[in-house]
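**Q** To start, I am sharing the structure in question, which I have written as structure tokens.
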Amino acid sequence: MTAETVLSPSADPQPQPGSAAGRGERHTGPSLSPSRAADFKTCPLLFRFRTIDRLPEKPTPDQVRGTLVHAVLESLFDMPAAERTPAAAAALVAPSWARLREQEPALEALFAEAVNAPTSAGAVSGGAVSGGAVSGGAVSGGAASDGAASDGAASGGAADGDAGPMAAPGETLPGLEAAGEAERIAAFLAGAGDLLAGYFAVEDPQRLEPAERESLVSTLVDDELLIRGYIDRLDISPTGDLRVVDYKTGGAPREAFEGRALFQLKFYALVLWRTRGVVPRVLRLLYLKDAEICDYSPDAAELERFERTLVALSQAIERAKQDKDFRPKPSKLCGWCSHQAFCPEFGGTPPPYPEPEPEPVAAPEAEDDTITLPVPRQS
């Protein structure tokens with residue numbers, strides 16, 4: 001049964017004009033994405049490790065499973081409406097996984113060794129491997145992210161409200177301690193299938209024709225700050241109402257964390273309002289693990305307040321960069337941090353603060369041919 005949580009009554013805000021930022025233009029000022037904003041709010045030192053030091057982080061199976069499920073749903077909506085069935089989605093799992101491995105060869109090693117990354121205690125239902133398949137859902141960890149990680153870094157970690165019960169850091173996946181590589185991969189793919197079943201429990205894709213999918217949106221606020229991110233799906237009604245949809249492969253949040261779970265979607269709502277002059281009617285979170293829908297309806301006044309919050313957050317980040325002062329902020333999420341070896345709270349020492357590199361001189365008429373490989377989906 002589908003459970004739907006409505007956080008506020010529908011609003012009917014009046015569209016207001018906003019400032020548009022051209023796509024493809026190089027921006028030299030401050031910029032912010034939902035994932036990086038969430039990193040700084042969670043722990044300024046974590047923000048530094050990821051954004052300034054760019055320390056590597058090994059993705060967890062749950063993070064990669066989130067990427068896989070998003071890829072399957074993207075392919076599903078490429079199909080004619082009548083063909084978007086549960087069976088069709090299930091058939092897309094294996095080829096989508098093959099494409100991800102081809103695009104990112106490092107994923108080949110993900111299941112070659114025992115899985116000791118922190119993950120959901122409920123990632124494998126019953127904890128038993130049978131015939132190379134495991135039934136059960138998966139919880140994707142991570143702080144609020146911008147979907148496709150537009151700033152080129154996977155978020156990782158544990159999300160407030162987005163993840164279910166966690167196993168202790170360093171523990172092996174329940175039921176897979178002695179499993180071989182083939183069994184672990186089978187369990188991983190079976191978990192993706194369970195999340196897709198959760199999707200079909202809350203939506204019928206045969207009745208939907210999204211206006212945009214995996215869409216990059218961006219705008220300038222305060223004439224200086226560039227905010228941007230990727231929207232999983234944007235639905236537009238015949239009357240022009242906007243619905244922003246985000247797929248979450250973790251569990252539905254507890255009430256105390258509902259606001260933090262919606263931070264990412266408010267980010268997108270602000271961009272859409274400023275670029276299109278329309279406040280989205282609905283911000284929708286689809287929690288595939290629990291087959292739940294969380295709807296929220298913002299208004300213009302709320303988005304104005306949110307815009308001021310982002311500007312203040314960006315100013316705090318710029319001050320920290322200027323002072324080279326990113327302090328740790330201990331919390332329960334520290335147990336899932338990949339950078340404890342460099343954190344003073346755990347007896348570590350941060351690496352030397354990197355000096356800015358000189359800007360390269362671009363050749364005239366040069367085109368940007370950079371290829372960005374997919375990074376684990378943060379949901």
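The values are calculated or read from the model by the stated rules, or taken from the named source; none is laboratory data. This one's a predicted model, so the numbers in the text were calculated from it and none came from an experiment. Reconstructed Cβ throughout: ideal geometry from the backbone, glycine too, with neighbour counts over all protein chains shown. Ligands, DNA and RNA are excluded from the accessible area calculation, which covers all protein heavy atoms including side chains. Shrake-Rupley method; radii C 1.70, N 1.55, O 1.52, S 1.80 Å.
**Q** Determine which single condition D290 fails, assuming it passes every other condition in (1) at pLDDT 95 or above; (2) in contact with a helix residue (DSSP H, G or I) (Cβ under 8 Å, 6 or more places away or on another chain); (3) open to solvent by 50 Å² or more (accessible area, probe 1.4 Å).
**A** (1)
**Q** Sticking with this one: Of the conditions (1) assigned to a loop (DSSP other than H, G, I, E, B); (2) in contact with a strand residue (DSSP E or B) (Cβ under 6 Å, 6 or more places away or on another chain); (3) at pLDDT below 95, Y230 clears all except one; give me its number.
**A** The one condition Y230 does not meet is (1).
**Q** Working carefully through the options S218, S237, find the one that is open to solvent by 10 Å² or more (accessible area, probe 1.4 Å) and over 30 Å from A82 (Cβ atoms).
**A** Criteria check complete, one pass: S218.
**Q** Turning to a different aspect of this structure: Only one of (1) more than 17 Å from the chain's Cα centre (by Cα); (2) open to solvent by 10 Å² or more (accessible area, probe 1.4 Å) fails for L310. Which number is that?
**A** (2)
**Q** Does segment 252-286 hold any residues that are under 21 Å from S237 (Cβ atoms), among the small types (G, A, S) and either modelled with pLDDT under 90 or in a helix (DSSP H, G or I) (or both), and which are they?
**A** A269
**Q** With the structure loaded, tell me whether D323 is open to solvent by 60 Å² or more (accessible area, probe 1.4 Å), more than 19 Å from E57 (Cα to Cα), at pLDDT below 95 and out of contact with any Cys (no Cβ under 7 Å at 6 or more places or on another chain) or whether it fails that test.
**A** Here the answer is no, as D323 does not meet what is asked.
**Q** On the given criteria, is A197 open to solvent by 10 Å² or more (accessible area, probe 1.4 Å), among the hydrophobic types (A, V, I, L, M, F, W, C), within 19 Å of A81 (Cβ to Cβ) and assigned to a helix (DSSP H, G or I)?
**A** no
**Q** What is the residue count in segment 287-334 for residues that are under 26 Å from Y353 (Cβ atoms) and in a helix (DSSP H, G or I)?
**A** 16
**Q** Moving to a separate point now. Could you please let me know if V244 is under 20 Å from F77 (Cβ atoms), open to solvent by 10 Å² or more (accessible area, probe 1.4 Å) and of a type in the set (V, I, T)?
**A** Taking the combined requirement at face value, the residue does not satisfy it.
**Q** Residues in segment 73-98 that are closer than 25 Å to L286 by Cα and either at pLDDT below 95 or more than 20 Å from the chain's Cα centre (by Cα) (or both): how many?
**A** Matching residues across segment 73-98 total 17.
**Q** Mind listing whichever residues of segment 54-70 are buried (at least 18 other Cβ atoms within 10 Å of the Cβ) and either in a loop (DSSP other than H, G, I, E, B) or not polar (S, T, N, Q) (or both)?
**A** Selection gives E57, P59, T60, P61, D62, V64, R65, G66, L68, V69, H70.
**Q** Looking at (1) surrounded by fewer than 15 Cβ atoms within 10 Å (Cβ to Cβ); (2) part of a helix (DSSP H, G or I); (3) without any contact (Cβ under 8 Å) to a residue 60 or more places away in the chain, can you tell me which one S96 breaks?
**A** (1)
**Q** Under 8 Å between Cβ atoms, at least 6 apart or on separate chains: pull out the pairs that start in segment 102-116 with a residue that is part of a loop (DSSP other than H, G, I, E, B) and end on any residue that is open to solvent by 60 Å² or more (accessible area, probe 1.4 Å) and at pLDDT 80 or above.
**A** Final answer for the pair search is A112/E181.
**Q** Considering only residues of segment 71-93 that are in contact with an Asp or Glu (Cβ under 9 Å, 6 or more places away or on another chain) and open to solvent by 20 Å² or more (accessible area, probe 1.4 Å), which is nearest to P205 (Cα to Cα)?
**A** Looking at residues that are in contact with an Asp or Glu (Cβ under 9 Å, 6 or more places away or on another chain) and open to solvent by 20 Å² or more (accessible area, probe 1.4 Å), I get A81.
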